């Protein structure tokens, strides 16, 4: 196991647990919290694949697969044993399925929800006993601007993120009396592996009627991805939410998210939908 420069439970500083920390937003968040002097537990399915984590000051890299309950239990038990507290959970593990819904299989749909929704719920539930006993804690869910608005080809991904938004908003009510805050981070496009390695695309295959819209929307999505913000921008928003003691629930991240979510709020729904159709050439 790679060396970790982590401190033990007698050390000072709050403890943050980050899932999906091997790359992208999760890795950037590990860097940010480490730089701010936090004790960081950075988790992913295979920590050995990201030796960078183990070299960060104050970081303990642990295996955690959000689709495996026993993996979550083992990681949380060790964190509580070593540090005696969990101050912040950053539920970041996730990926995107996009493409033509009619061509999608049940296993593809199930995998998307298993990670983005059920995995997030499992980790949230696993840390609650510790946070409840502390009478404090912050749960930060990495959602998306796609949890409050939609674009073509992302029906399954949007479904998962809208589920996260509804789940988290409701959960915030029941946890507030226990001193536990819930926060939603809503990035726009981010220049990470989300559009490459952490992506599953379902093409039309033999469904030729969808070919034109698939090709057009795919090109536009990739172009927009290149204009996305960096993972570091999102990490700064995550950290700001972690130290924010207010009752604020949602934190857009990146100019794209700020602009589009404001537009969605201000415009009548029919006008906003017409605007999206125009951008994607859907008539």
**Asked** Going by how many other Cβ atoms sit within 10 Å of their own, how do 158, 278 line up, fewest first?
**Response** 278, 158
**Prompt:** How big is the C-alpha Rg of the chain next to the rule-of-thumb value 2.2 N^0.38 Å, as a ratio?
**Reply:** 1.02
**Prompt:** In whole angstrom, how far apart do the alpha carbon centroids of the stretch 127-141 and the stretch 202-225 sit?
**Reply:** 42
**Message:** Pairs of alpha-carbon atoms within less than 8 angstrom and 6+ residues apart define the contacts here; what relative contact order does the stretch 15-280 have, in percent?
**Reply:** 20
**Complete:** Zone reached by a paramagnetic label modelled 7 Å from residue 232 Cα along Cα→Cβ, restricted to the stretch 10-29 with backbone N below 20 Å, covers 21-29
**Request:** Rank by packing, highest mean first: peptides 19-31, 116-128, with packing defined as the count of other Cβ atoms within 10 Å averaged across residues.
**Result:** 19-31, 116-128
**Distance (nanometres) between label positions extended 7 Å along Cα→Cβ at residue 272 and residue 211** = 3.5
**Request:** Starting with the fewest neighbours, write out 224, 165 ranked by other beta-carbon atoms found within 10 Å of each beta-carbon.
**Result:** 224, 165
**Request:** Take the Cα atoms of the stretch 1-142, build their convex hull, and give its volume per residue in Å³.
**Result:** 108
**Complete:** Under the rule rounded for a/c under 1.5, else prolate if a/b exceeds b/c, else oblate, using alpha carbon gyration tensor axes a ≥ b ≥ c, the stretch 102-156 is classed as oblate
**Message:** With angles folded into 0 to 90 degrees, how steeply does helix 24-35 sit against the dominant principal axis of the chain? Use alpha carbons for both and round to 10.
**Reply:** 30
**Item:** For the stretch 227-246 and the stretch 31-95, distance of Cα centres in Å
**Value:** 18
**Item:** Length added when fully stretched, residue 35-residue 243, from 0.36 nm per residue minus Cα-Cα
**Value:** 73.5 nm
**Item:** Over the chain: helical MRE at 222 nm, DSSP H runs n ≥ 4 each giving -39500 (n - 2.57), nearest 500
**Value:** -14500 deg cm²/dmol
**Residue exposure sequence - 106, 98, 87, 244 - by fewest surrounding Cβ within 10 Å** = 106, 244, 87, 98
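A short reminder: the numbers here are calculations on the coordinates, not readings from a lab. Nothing here was measured: the structure is a model prediction, and the numbers come from that model. Backbone-built Cβ (ideal geometry, glycine too); neighbour counts: all protein chains shown.
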